[in-house]
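Asker: Sharing a structure here in structure tokens format.
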2 protein chains.
Amino acid sequence: MNVMRPMPAGQVGRSVPRLEAREKVTGRADYVHNLVVPGMLYTKVFRSTVPHGRIVSIDTSAAEAVEGVYRVVTGEDIRKVVPEPYYGPAFHDQPVLALDKVRHVGEPVAVVLAEDPYVAAEAVQLITAEYEELEPVFDEVEAVTSRAVVHEVLKPAGTFPDLKHLVGRRDTNVALDYQLRRGDVDAAFAAADRVFEHEFRTQQTMHTPLEPMVSLAIPGHESLTIHTASQSPSFVRIEIARLLGWPENRVRVVVPHLGGGFGAKLYIKLEALVACLALLVRRPVKLSLTMEEQFYTISKHASTFRIRSSVKDGKITGRRCEVFWNGGAYADIGPRVTQKSGFTAPGPYDIDNVSIDSYALYTNRPPAGALRGFGIPQLVWAYESHTDLIARELEIDPVEFRRNNILREGREQATGTAMKDAAIEAVLEDIVARMDWSKPFDRGTGPLRRGRGIAIGFKASISPTTSVAIVNVYGDGSSSLYLSTVDMGQGSDTAMAQIVGETLGIETENVKVIHPDTDVTPYDMATLGSRSTFHMGNAVKLAAQHARDQLDALARSLGLPPGTNYGPKDLFKKKYGMQAGNIVGVGSYIPDYKSPDPATGLSDNVTPFWMIGGTGVEIEVDTETGHVRILRMVNAVDCGRPLNPKIVETQLSGAALMQLGFTLFENMEYDNGQVTNASFADYKIPGIHDLPARIENDIVEAEQKSGPYGAKGVGESATFGVSPAIANAIHDAVGVRLTEMPLTPEAVFRAIRAQKG
Amino acid sequence: MNVMRPMPAGQVGRSVPRLEAREKVTGRADYVHNLVVPGMLYTKVFRSTVPHGRIVSIDTSAAEAVEGVYRVVTGEDIRKVVPEPYYGPAFHDQPVLALDKVRHVGEPVAVVLAEDPYVAAEAVQLITAEYEELEPVFDEVEAVTSRAVVHEVLKPAGTFPDLKHLVGRRDTNVALDYQLRRGDVDAAFAAADRVFEHEFRTQQTMHTPLEPMVSLAIPGHESLTIHTASQSPSFVRIEIARLLGWPENRVRVVVPHLGGGFGAKLYIKLEALVACLALLVRRPVKLSLTMEEQFYTISKHASTFRIRSSVKDGKITGRRCEVFWNGGAYADIGPRVTQKSGFTAPGPYDIDNVSIDSYALYTNRPPAGALRGFGIPQLVWAYESHTDLIARELEIDPVEFRRNNILREGREQATGTAMKDAAIEAVLEDIVARMDWSKPFDRGTGPLRRGRGIAIGFKASISPTTSVAIVNVYGDGSSSLYLSTVDMGQGSDTAMAQIVGETLGIETENVKVIHPDTDVTPYDMATLGSRSTFHMGNAVKLAAQHARDQLDALARSLGLPPGTNYGPKDLFKKKYGMQAGNIVGVGSYIPDYKSPDPATGLSDNVTPFWMIGGTGVEIEVDTETGHVRILRMVNAVDCGRPLNPKIVETQLSGAALMQLGFTLFENMEYDNGQVTNASFADYKIPGIHDLPARIENDIVEAEQKSGPYGAKGVGESATFGVSPAIANAIHDAVGVRLTEMPLTPEAVFRAIRAQKG
């Protein structure tokens, strides 16, 4: 019957303008930074100046004497509210404020609370602390064997069965060692025509959300409300409730608009601190970071990847991967990156014999977590540079070499999972076609040389737990969608509203999206890893279908014959004699997948869907300066069927340009653990002059059959290929191979000079 | 299977302490009066000083010149936002600010907006208006034939089919004439032994919520948020959306704690005005009334009831009821009171021949609406005084006379609806037994005389449209209940949480109730007429059952055998490997009933349930002063099975004592349309010295089979019998009959003197 379909469908696949765009550009959108509540105290954090040390004493007396300072709080005060004040999504290793030890420069040691933020900022400078310095370790490979131990005892969160074997492990910086063995790598190496081995490194970088982290906690009657710039309100609620020993429903987490996240605003960042402070002083407490402080809060893993491959008759027969992830002082989600991305370390190639060791390491740097790609860009950087090097050595065209080895539909990936709805080949061929790869390419002469490069990558989805959505259809047919997915700029509000519109047969613009508020919107695991379109999208579709089923039932109960062209408004009016009532639809989606077996690293259903992305570039290298100019960039992805092609396209540009910054210049520089360029004056992110002269974004024809209307996630896919494509193009242009990011002019110039020398 | 029932049940029927009690007594509960938002303007209303007049001019210049005044707004300004600015639940007759005419003293004519409330209050005194005065009408009976016409044309809301015949009717003050004819009254009168006729009157009184009305509108991006002290957030959203021509989902109505309502805070009160002002000036606008201003905003209908009954062999054979309801200048819900209560005007007696005419009248008094009982106390006052007078005339014991005529289970009420789950007889007998009615009663001697009286009444439920509830069970088994029912002191939060607790098998205290917010909580018609326990209670039970069904399904999917003692927390943990996820249950309840036929006034299913209440009193009259002292008061009700006996008991005390004030002294006194006692200094409400020396509240053994766990509403039932019981007791004590409320010492004294004279 068709009573609920008065509108033509076609909401999905339409480039609906962002629902929140006008609100944002007119300055009406709410952000936590703008939020002021009566009685609120401002705070400023006093941070460690040493990378590793035992706290001997903290002197807060001068700060407390400043007029207008309400209180100065240290780690010992926090214990009055929470006796065991350690948090973390994988390990309960991070103290709310430092206790006994500090483990990185910039670690929060004390907090000044004041009615005026400037008073707090002034007073914090009067705090002094004395440390007994300990030997630090900064390098992820050194951390494996270093005498310097960051955490004396490992404290994995008890809830993860696959981390249980680590509980209580002592005197090691290895937080997690993920291992996968498939086939017989040694035999493959022995039988090969050639064996290639390289080591690649990536640097530590920053997420750089332009809205710095901010949280505000308001104590209530036996309850607590936290307004926070977070990508994971449901997680924050549960983790704060755990810390406090409260039921979930006493903790309310509210997230308004978010000014970017990229993985920085996941799990607990400032929330535990403001929660403890608010309960300690029984007043609302707000903490807003500066851009500089973000450098000390969360970052992207530096990494070292040792990769060794055997080739026989042009086919890769074996591959050994050893990946070292520099997790910094606290694990955050690093162990999950190590494992979940680890199992794709051999790349999207069909290799019978594989060995993977992926290590999460503690070091005395600021913590590292997930950053747009969940470790995949670090891996692709290595395996696609390696692939290019092999092809060059074998004098096979790099595209041809990839075609020979690519992981095709139905074939098993390293974990043993057969590939499904993964258009790897289509992505490769799309880029190749776009770039006219087979035609001659002008490599230039004189100081300006040109080269081209290509790279492809893939990623499994990180999908624990579930997503829940509610669709409420009102008496006039307008509706609201309740979900805890955070629209941080990726356009999820609009895409989810399109799913409601398509399913209910109403205009997307007539769907209001209610932003995350754990007292209002149902559970969602978190907004991360390009999971929302698939997971929440499926939940939203189910919720809208549930509402539609009820509207259909209402129509039948009113005796309307099937096919009657009645909209919700008419149905309600007919039922109640007036504009009244509503219909509530609920949808819950639990993905079908199986985590790798902790013992073998294998799984026959390791992910609900695969993300595929690739990039081709044409570049120009100034051999006199080392400067690399991107003449053309082609990004292609498999995102299933795009819900909103325009938003997908901007996701591709955004992801590729973000990765471009990491590739060419972004780098957290250190002097004995102190970041020396923690400001936008010194830490460069891409500007308008760094953009490719020409950028093309392509969505390949594909369908994720298990996705909502055939769609799947796309927020990270265009990051995958950027770095190795550029390195491969530099090699193509000037014959030098850079194995360490970033590919700065200085690095390129030095490599050219070394080659000449 | 029993996996979801780890707790013993027994949440229902337990006197759970109010969930919000601690929050209220510690001063942490939020009220709209406390709400301050940045950029907010305060307002003060300039009101009409004449009861009926044409607006000639309004001079706002002096007010506008006051420093700090932001703007002064009149009705013509409102038209810039809303071209047709008329609202109302039954008639669209009430302008946001007066246009062309004023119709009662105190009607809003202009508003001063200022950053400071004191500036607004000062400036409003400088506004002047010139009126061409028109002849007013104040009395409800005179209004039927008066030349003074309050509204030139009737404007019933187009949505009510039973009001359609009134659209466009001109030059009448009769807003609605409800008519019911059953049997042949004239024939009954002709064949009777005796015919009795009396006229009873009630006075206009005030709801007196101790939190005066207050609303705050905040304009957003193409949206509007209204924080308001309202009993009907869903109605406010729809009516404001209608006025603005917006979809519902652009209007958000938020109701925090409410400091009493009693029917005063229903439908639109200040919301339309603050909404228009906020959109006009694009800033948040708050309007808080004083207690005095409430007298001019909404009140309880004064009424005149002409009742005529025929009796043959001790049985009432016919009854004619003519009821005139003084609706004041704007209809509000008056026409519904006229109709919905009108059809019970013959009382809970088994009478074959009935004629009812119930008239809603416009007059030039402040508007009247629903007040705890929806017109029933006015009717019971008349029919139970009348019953007592008949019994006395016939020299039959008034209890015996009632027993002879009472409407028994299965017998048809006037509308033709057969009585069901209506313990009228049980209520009567409970009071009789408590009062030892058959034993001799000492009537005193000298100046202090004693008497006793009894009265019973009943009420149909006002039940248009629907109620919807959502129950969210979190990862740790704690849960939240989302509903738009307003807890205004009646304890609905606690009762509804008990239904969730009972159904899910968890502690009531573990259920958090989310207060009404139309962006959060689903539709509920309104909180009025004791409907919530039954309607919302049923919706909440369905929602909790829906959640429980899903939890049971989860248990089955995990392979747990039936009977396994798993709680929700364990289920989630088993499913997800950690504390995560949630289950959302939805329940929607549409009552089964049929409005009276507009042509005949009849219906064979006129109400989903009946409320029954009665009161017996023993009083002492000081014949030298006329003062009446209540020695003992016995209230008994049928509320089905009580969900929370303690809350039911306080509802009984509260209702009876409120009605005691209306009975003995509350009265809005007038001088040419001007209320002369519009303050608590002059308008007396019951104080501690007015309370009965002894008060007993009884819940009779009963069950509402269609109600949640056998329960039904009880908020009004103890108002029904209070007034006639006291009048009957005065008659019993000193032999005088008062037919007009209130029964002040002066009135009693004058009646005694007249009798002696």
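The values are calculated or read from the model by the stated rules, or taken from the named source; none is laboratory data. None of these values were measured; they are calculated from a predicted model. We place every Cβ from the backbone using ideal geometry, glycine too, and count neighbours over all the protein chains shown. In case anyone asks, the SASA skips ligands and DNA or RNA and just uses the protein heavy atoms, side chains included. Shrake-Rupley method; radii C 1.70, N 1.55, O 1.52, S 1.80 Å.
Asker: May I ask you to say which residue of B:306, B:336 is in the same structural domain as residue B:387 (by TED's automatic domain parsing), more than 19 Å from the chain's Cα centre (by Cα) and either in contact (Cβ under 8 Å) with a residue 60 or more places away in the chain or crowded, with 24+ Cβ neighbours inside 10 Å (or both)?
Answerer: Criteria check complete, one pass: B:306.
Asker: What's the total number of residues in the range A:503-527 that are farther than 11 Å from residue A:483 by Cβ and away from chain B (no Cβ under 14 Å)?
Answerer: Number of matching residues: 2.
Asker: Given the criterion under 23 Å from the mean Cα position of the chain (by Cα), assigned by TED's automatic domain parsing to the domain that holds residue A:433, modelled with pLDDT under 95 and more than 15 Å from residue A:637 (Cβ to Cβ), identify the matching residue among A:680, A:662.
Answerer: Every option except A:680 fails the conditions.
Asker: Sticking with this structure for a sec: With the structure loaded, tell me whether residue B:436 is within 30 Å of residue B:23 (Cα to Cα) and either of a type outside the set (Val, Ile, Thr) or at pLDDT 95 or above (or both) or whether it fails that test.
Answerer: Spelling it out, it is not the case that residue B:436 is within 30 Å of residue B:23 (Cα to Cα) and either of a type outside the set (Val, Ile, Thr) or at pLDDT 95 or above (or both).
Asker: Among the residues of the range A:717-750, how many are in contact with a strand residue (DSSP E or B) (Cβ under 7 Å, 6 or more places away or on another chain), open to solvent by 10 Å² or more (accessible area, probe 1.4 Å) and outside any helix (DSSP H, G or I)?
Answerer: Number of matching residues: 3.
Asker: Any idea how many residues of the range A:654-683 are surrounded by fewer than 23 Cβ atoms within 10 Å (Cβ to Cβ) and in contact with a Pro (Cβ under 7 Å, 6 or more places away or on another chain)?
Answerer: The number of residues fulfilling the criteria is 6.
Asker: Identify all residues within the range B:677-708 that are in contact with a Lys or Arg (Cβ under 9 Å, 6 or more places away or on another chain) and among the hydroxyl-bearing types (Ser, Thr, Tyr); write none if there are none.
Answerer: Listed by number, the list holds a single entry, B:706.
Asker: A further question on this structure: For the subset of the range A:219-240 comprising residues that are in a strand (DSSP E or B) and within 14 Å of chain B (Cβ to nearest Cβ), which member is nearest to residue B:26 (Cα to Cα)?
Answerer: The extreme case among them is A:220.
To keep it simple, each residue is scored yes or no on (1) among the charged types (D, E, K, R); (2) assigned by TED's automatic domain parsing to the domain that holds residue A:497; (3) farther than 13 Å from residue A:692 by Cα; (4) modelled with pLDDT under 95.
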{"site": "A:585", "(1), (2), (3), (4)": "no, yes, yes, no"}
{"site": "A:625", "(1), (2), (3), (4)": "no, no, yes, no"}
{"site": "A:630", "(1), (2), (3), (4)": "no, no, no, no"}
{"site": "A:642", "(1), (2), (3), (4)": "no, no, yes, no"}
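Asker: Of A:474, A:482, which residue is more than 29 Å from the chain's Cα centre (by Cα), within 14 Å of chain B (Cβ to nearest Cβ), at pLDDT 95 or above and closer than 26 Å to residue A:24 by Cβ?
Answerer: A:474
Asker: Does residue A:527 qualify as being part of a loop (DSSP other than H, G, I, E, B), hydroxyl-bearing (Ser, Thr, Tyr) and surrounded by fewer than 18 Cβ atoms within 10 Å (Cβ to Cβ)?
Answerer: Against the criterion (part of a loop (DSSP other than H, G, I, E, B), hydroxyl-bearing (Ser, Thr, Tyr) and surrounded by fewer than 18 Cβ atoms within 10 Å (Cβ to Cβ)), residue A:527 does not qualify.
Asker: Please go through (1) open to solvent by 10 Å² or more (accessible area, probe 1.4 Å); (2) under 23 Å from the mean Cα position of the chain (by Cα) for residue B:279 and return the number of the only condition it doesn't satisfy.
Answerer: Of the numbered conditions (1) open to solvent by 10 Å² or more (accessible area, probe 1.4 Å); (2) under 23 Å from the mean Cα position of the chain (by Cα), the odd one out for residue B:279 is (2).
Asker: Suppose the filter is of a type in the set (Ser, Thr, Tyr), at pLDDT below 95, open to solvent by 20 Å² or more (accessible area, probe 1.4 Å) and out of contact with any helix residue (DSSP H, G or I) (no Cβ under 9 Å at 6 or more places or on another chain); does residue B:600 pass it?
Answerer: So residue B:600 passes the test.
Asker: Could you list, in sequence order, all residues of the range B:573-597 that are more than 9 Å from every other protein chain (Cβ to nearest Cβ) and out of contact with any strand residue (DSSP E or B) (no Cβ under 8 Å at 6 or more places or on another chain)?
Answerer: B:574, B:591, B:592, B:593, B:594, B:597
Asker: All but one of (1) in contact with a Cys (Cβ under 9 Å, 6 or more places away or on another chain); (2) hydroxyl-bearing (Ser, Thr, Tyr); (3) open to solvent by 10 Å² or more (accessible area, probe 1.4 Å) hold for residue A:355, so report the exception by its number.
Answerer: Result: residue A:355 fails condition (3) only.
Asker: Quick check on the range A:464-473. Is at least one of its residues surrounded by fewer than 23 Cβ atoms within 10 Å (Cβ to Cβ) and among the small types (Gly, Ala, Ser)?
Answerer: no
Asker: Could you please find all residues in the range B:241-256 being open to solvent by 10 Å² or more (accessible area, probe 1.4 Å) and either within 9 Å of another protein chain (Cβ to nearest Cβ) or not β-branched (Val, Ile, Thr) (or both)?
Answerer: Result: B:242, B:243, B:244, B:245, B:246, B:247, B:250, B:252, B:256.
Asker: Which one of these does residue B:216 not meet: (1) touching an Asp or Glu at 6+ places or on another chain (Cβ under 7 Å); (2) more than 13 Å from chain A (Cβ to nearest Cβ)?
Answerer: Residue B:216 satisfies every listed condition except (1).
Asker: Filtering the range B:603-621 down to residues that are open to solvent by 10 Å² or more (accessible area, probe 1.4 Å) and assigned to a strand (DSSP E or B), which residue is nearest to the other protein chains (Cβ to nearest Cβ)?
Answerer: B:618
Asker: Which of the residues that make up the range B:660-684 are assigned to a loop (DSSP other than H, G, I, E, B) and touching a residue at least 24 places away in the same chain (Cβ under 8 Å)?
Answerer: Result: B:665, B:666, B:667, B:668, B:672, B:673, B:678, B:679, B:680, B:683.
Asker: Given the conditions (1) more than 14 Å from every other protein chain (Cβ to nearest Cβ); (2) open to solvent by less than 20 Å² (accessible area, probe 1.4 Å), and given that residue A:556 satisfies all but one, which numbered condition is not satisfied?
Answerer: (2)
Asker: Could you run through the range A:684-734 and say how many residues are under 16 Å from residue A:384 (Cβ atoms) and of a type in the set (Phe, Trp, Tyr)?
Answerer: Here the count works out to 1.
Asker: What do you reckon, is residue A:500 within 14 Å of chain B (Cβ to nearest Cβ), under 19 Å from residue A:538 (Cβ atoms) and in a helix (DSSP H, G or I)?
Answerer: For residue A:500, the condition - within 14 Å of chain B (Cβ to nearest Cβ), under 19 Å from residue A:538 (Cβ atoms) and in a helix (DSSP H, G or I) - is met.
Asker: Would you point out which residue out of B:153, B:149, B:167 is open to solvent by 60 Å² or more (accessible area, probe 1.4 Å) and either in the same structural domain as residue B:79 (by TED's automatic domain parsing) or of a type in the set (A, V, I, L, M) (or both)?
Answerer: B:167
Asker: Any residue at all in the range B:434-447 that is crowded, with 24+ Cβ neighbours inside 10 Å and not acidic (Asp, Glu)?
Answerer: Checked the range B:434-447: no residue is crowded, with 24+ Cβ neighbours inside 10 Å and not acidic (Asp, Glu).
Asker: Additional query: Residue A:412: at pLDDT 95 or above, within 22 Å of residue A:319 (Cα to Cα) and crowded, with 24+ Cβ neighbours inside 10 Å, yes or no?
Answerer: Judged against the criteria, residue A:412 is not a match.
Asker: Return only the number of the condition from (1) touching an Asp or Glu at 6+ places or on another chain (Cβ under 6 Å); (2) within 14 Å of chain A (Cβ to nearest Cβ) that residue B:179 does not satisfy.
Answerer: So the condition that residue B:179 fails would be (2).
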